[in-house]
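Worksheet: the structure to be examined is printed underneath.
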Amino acid sequence: MNKEAPLSIAERDFILDALREDVRLDGRGADEFRPLKLSFGEEYGHVKVQLGKTSLIVRISAEVAKPHDDRPFDGIFNIAMELTAMGSPAWENGRQGDLETYVTNVLDRVIRHSNALDTESLCILKGVSCWTIRADVHITDYDGNLIDASCIGVMAGLQHFRRPDAVVKDGQVIVYGLDERVPAPLNITHKPLSVTFHTFDEGKLVILDATRKEEQASEADVVIGMNNAGDVCYVSKFQGSPVDALVFVTKTTVALEKVKHVNGIIDKALQADLAKRSKGGLAEQARAENDRPVA
Amino acid sequence: MGGPIAVLHPLDRADGSASYKCPSTGSNILGSVNAPIELPGRRDALKPEEATIEVFVKPGTAPGGVGERYVEGILRTALGRVILGREKGYPRRGVVITLAIVGGESVGRGGSYLPLLPALLHTATLALLSASVPLSVTLSATVLAVNSAGEITREPSAKEVTTATSLHVLAFTSKGHLLLNESEGTFTFDTWDDVYERALAICHGSSTFGSDGDVAMAETTEGQPLDGIVRDTVEDHIHRDYAWKIDAA
Amino acid sequence: MSSPLILLPGDEVPSEYLPNSSAPLRLGPGLRLLSQPPATKPSKHVLTATQAGILSTDNKRNAVSILSTSNRRYVPTSNDLIIAQVHHSSADYFHCMITPQSPHALLGQLSFEGATKKTRPQLKGGDLVYARVLSTGLGPGAEIELTCVNPATGKAEPGGLGPLNGGMVFDISTGMAARLIRASSSSSDQQEGVAGLVVLDELGKKLEKAGGFEIAVGRNGKVWVDCSNSEDDAVRATVAIGRCITTIDEHNLNPTDQRKLVTRILREMKIES
């Protein structure tokens with residue numbers, strides 16, 4: 001199962017007819033994101049993302065583990081996403097569906113394989129211990145565009161997270177509690193985000209940030225992953241009808257503009273949260289974090 | 001510390017949902033209920049005249065494991081006693097309860113789920129109420145830790161749990177009947193009796209029960225009884241849902 | 001109803017709230033009758049709630065029920081009007097979806113006004129029908145049957161039952177669907193509208209010049225809108241109506257805000273009124 005109920009013919013036809021007149025069901029333009037809201041929890045790396053009616057929670061956690069044998073200098077970074085019946089009644093608990101595999105794969109490629117998180121900085125003692133960073137994505141409401149929303153969540157979470165400080169003394173690894181020593185931010189090399197487009201009407205109509213019904217009515221999807229500098233780190237078109245190559249070229253410009261815009265929203269939310277934390281008696285800590293040189 | 005914070009129907013897609021945050025234990029749970037729905041591949045359920053209840057607990061920062069399956073069993077049994085699975089539209093269908101631990105310390109591998117159990121029960125109950133799943137009664141629950149000096153701590157913090165000699169979770173129906181008791185550690189019968197009295201007071205206030213079975217609410221040293229918090233949360237939500245009707249009257 | 005009585009599962013219905021009549025009491029959803037022999041009570045039966053909600057009594061029909069949360073999943077009840085989606089058809093029936101992830105309901109191939117073996121509608125998967133719940137059956141595994149005619153008269157009663165062509169459906173809460181049905185079936189000149197809704201009257205007034213619109217509300221949380229009379233504005237008018245209704249549902253707007261919203265959205269969608 002794990003499939004949304006099919007759209008009615010009326011809905012499918014109407015969505016297409018409306019797009020031909022450049023009208024979307026929620027009144028948005030074709031190249032417009034839904035309202036994006038980010039909020040952070042009490043713990044480091046706890047992010048809530050609300051993109052229109054799609055919402056999710058990302059939690060980042062750190063654990064000391066043994067590095068992989070073939071990469072003794074590298075830490076470990078994993079993104080874990082499991083779709084539960086909470087996000088949509090169509091999803092079955094404990095059973096992996098195609099969507100879950102697809103989204104996890106794209107997240108892996110956009111964020112992990114583009115080395116957004118510098119895993120070498122997670123090494124504590126060569127071949128013996130390193131940090132394992134885990135990003136758990138909990139989808140709480142599904143109304144389309146899981147990929148972009150999750151990407152935003154994971155990237156915001158990584159930037160918000162602080163891992164406990166650890167030192168090596170006489171070959172022993174000592175991990176200090178969050179209240180014992182100022183925890184360290186993760187080393188982020190660049191901030192990639194994905195922008196997902198959906199095509200209609202034999203590829204003539206292209207929209208971004210589709211809702212669930214728009215996704216269902218669409219012919220194909222195109223995902224572009226890039227960072228603020230305009231470096232493209234991921235392009236995919238997995239399924240559906242053919243899309244003109246020009247779409248990739250023209251939409252890359254749109255994607256860059258959106259990535260910059262969304263990264264701006266993330267930065268703002270992070271700063272606001274930092275200000276709130278420093279007001280809460282953590283001023284010392286926040287300042288120390290800012291002064292910390294980025295390795 | 002303040003009392004727990006509960007919100008009804010924070011989610012859009014699920015048929016019913018609730019979030020519940022207990023400041024003293026630090027647990028923060030988001031729960032959803034989908035019901036009545038068709039469970040694929042389970043058309044010939046063992047009890048075709050009843051609804052099948054499924055509980056899924058999703059840990060916040062780790063993959064699910066034995067601990068989650070264990071607590072799911074406890075939840076399914078307790079909630080199965082209050083869900084009326086034979087009401088119209090429910091036989092042969094599923095009631096799918098999903099609980100995600102979205103805040104607070106994660107339960108480590110092999111760690112005890114008892115400190116989280118009351119929050120999970122409250123979230124599930126509120127989500128069931130939000131989805132209008134027929135229930136015979138509502139419930140409220142609390143966790144108590146007893147330390148070596150015999151002191152009873154209500155809703156202990158993670159640190160207090162590690163130093164406790166025994167942990168107890170008790171759940172009561174809105175009629176004041178004991179619905180669930182899970183205890184861990186070593187304790188005597190006398191300790192358990194004390195724990196029971198204290199838990200009943202936390203859930204229902206220390207008032208006596210009326211002859212008609214109704215509980216008179218009373219503010220006591222324990223703050224607002226948990227049963228009252230469940231009721232207030234639901235009443236607030238219904239008031240908002242029917243504001244158009246109530247304001248017009 | 002001066003102050004509404006909110007009950008939670010397990011709460012007893014106080015006898016002073018029950019209709020004062022010797023006729024048999026009709027129990028609506030959310031309530032059940034328990035036989036208890038309490039020593040202190042004269043009556044052996046008590047009514048208790050099984051869902052959380054407002055106690056609602058109807059003295060005329062001598063009925064009592066619980067109005068529960070407005071976002072719940074729709075459970076088919078006889079006589080309800082719903083918008084169903086055909087999934088597939090078999091020799092005698094159309095198999096229809098009422099809510100997703102629920103078993104299909106049956107709609108007879110001949111259960112349409114004036115339908116014979118030759119003139120019955122040819123519906124395919126994905127088509128929409130406005131239908132009435134004929135029966136929900138008894139016991140586990142019972143199948144839900146739908147109809148588009150009144151079996152007694154052979155007419156599509158009330159008007160509009162049958163296939164829905166064109167237009168668009170929007171998802172709304174079941175509570176909103178119930179309110180819209182009340183509001184659309186009885187027009188009133190009250191300032192506050194029926195069931196606290198003025199949106200339909202307001203849209204009707206403003207879209208009259210553009211050609212008006214057709215609407216069908218299903219208790220299963222669906223509303224179908226068609227503006228094909230509006231020609232050039234059809235798509236934008238339909239989207240505007242959909243946005244008005246779903247926004248009011250989501251934010252629980254009061255009549256004043258509903259009027260403001262209608263004006264704002266029509267302006268946004270560039271529809272002349």
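Each eigenvalue of the Cα gyration tensor of chain B, multiplied by 5 and square-rooted, gives one semi-axis; in descending order these are 28, 23, 18 Å. When you count the other C-beta atoms within 10 angstrom of each residue and take the mean per peptide, A:197-210, A:66-79, B:17-30 line up highest first as B:17-30, A:197-210, A:66-79. For chain A, the membrane-span-like helix rule (DSSP H, alpha carbon extent of at least 15 Å along the helix axis, mean Kyte-Doolittle at least 1.0) picks out A:146-160; this says nothing about an actual membrane. Taking every Cα-Cα distance in chain A and sorting them into 10 Å bins starting at zero, the pair-distance distribution P(r) comes out as 6, 26, 32, 21, 10, 4, 0, 0 percent. Work from the charge dipole of chain C (Cβ charges, +1 for Lys and Arg, -1 for Asp and Glu, about the Cα centre) and give the residue of C:70, C:211, C:54 farthest towards its positive end. It is C:54, whose Cα lies furthest towards the positive end.
Take B:227, C:58 and order them by how many other Cβ atoms sit within 10 Å, fewest up front. It would help to have the intermediate numbers written out before the result.
Details: B:227 24, C:58 12.
So the residues, fewest neighbours to most, are C:58, B:227.
Highest-first packing order for the peptide set A:18-29, A:173-184, B:119-130 is B:119-130, A:18-29, A:173-184, based on the mean count of other beta carbon atoms within 10 Å. Length, then width, then depth: along the principal axes, the Cα atoms of the range A:137-187 run 52, 20, 16 Å.
Relative to the longest principal Cα axis of chain C, at what angle does helix C:174-185 sit, 0 to 90 degrees, rounded to 10? That works out to roughly 70 degrees. For residue B:180, the residues whose amide H sits under 5 Å from its own are B:171, ignoring neighbours fewer than 5 places away on the same chain, with H placed 1.01 Å from N. Note that the range B:102-107 has calculated 3J(HN,Hα) couplings of 9, x, x, 5, 7, 7 Hz, one per residue in order, obtained from phi through the Karplus relation 6.51 cos²θ - 1.76 cosθ + 1.60 (θ = phi - 60°); glycine and proline are x.
With neighbours defined as other Cβ atoms within 10 Å of a residue's Cβ, the residues B:112, C:70, C:3 order from fewest to most as C:3, B:112, C:70.
Within the range C:233-259, name every residue whose backbone N is under 14 Å away from a label modeled 7 Å from Cα of residue A:37 along the Cβ vector. Output list for this probe position: C:250-252. When only Cα pairs below 8 angstrom with a gap of at least 6 residues are kept, chain C shows a relative contact order of 14 percent.
Between the amide H of residue A:80 and those of A:135, A:136, A:137, distances stay under 5 Å, these residues lying 5 or more places away or on another chain, with hydrogens modeled in the peptide plane.
Counting, for every residue in A:128-139, the Cβ atoms of other protein chains within 10 Å of its Cβ and taking the mean gives 2. Could you check what % of the DSSP bridge pairs in the protein assembly as shown are antiparallel, to the nearest 5? So the antiparallel bridges amount to about 90 percent of the total.
Ranked by how many other Cβ atoms sit within 10 Å of their own Cβ, fewest first, the residues C:88, B:9 fall in the order C:88, B:9. Given R0 = 60 Å, the distance between the Cβ atoms of residue B:157 and residue C:165 translates into a calculated FRET efficiency of 0.45. Relative contact order of chain A, taken over Cα pairs closer than 8 Å and 6 or more residues apart, is 18 percent. Taking every alpha-carbon pair in the protein assembly as shown and binning the separations at 20 Å intervals from zero gives 14, 44, 34, 8, 0 percent.
Compute the Cα gyration tensor for the range C:6-68, then decide on rounded, prolate or oblate, letting a ≥ b ≥ c be the square roots of its eigenvalues: rounded whenever a/c is under 1.5, prolate when a/b is larger than b/c in the other cases, and oblate in all that remain. Since a/c reaches 1.5 but b/c is at least a/b, the shape of the range C:6-68 is classed as oblate.
Between the helical axis of C:234-251 and the longest alpha-carbon principal axis of chain C there is an angle of about 20 degrees.
Near the amide H of residue C:88, within less than 5 Å, lie the amide hydrogens of C:95, all on another chain or at least 5 residues away, with H placed in the peptide plane. For chain C, what log10 I(q)/I(0) values come out of the Debye formula at q = 0.11, 0.12, 0.15 1/Å, with one point per alpha carbon and no solvent? Ignoring solvent entirely, the Cα scatterers give -0.75, -0.87, -1.20.
How shielded is C:92-102 by partner chains, expressed as the average number of their Cβ atoms within 10 Å of its Cβ atoms? Counting Cβ atoms of other protein chains within 10 Å of each residue's Cβ and averaging gives 4.
For peptide A:21-33, the mean count of partner chain Cβ atoms within 10 Å of a residue's Cβ comes to 3.
Taking every alpha-carbon pair under 8 Å whose residues sit at least 6 apart, chain B reaches a relative contact order of 18 percent. Any chance you could give the angle, 0 to 90 degrees and rounded to 10, that helix C:255-268 forms with the longest Cα principal axis of chain C? On a 0 to 90 degree scale, this one is about 20. Restricted to Cα atoms, the range C:168-269 shows a radius of gyration and a Dmax of 12.3, 33 angstrom. Points 7 angstrom from Cα along the Cβ direction at residue C:60 and residue A:232: gap in nanometres? Each label point lies 7 Å from its Cα, and together they span 6.7 nm.
No lab work stands behind these numbers, since they all come straight from the coordinates. These numbers were taken from a predicted model, which means no experiment stands behind them. Note: ideal-geometry Cβ built from the backbone for every residue, glycine included; neighbour counts use all protein chains shown.
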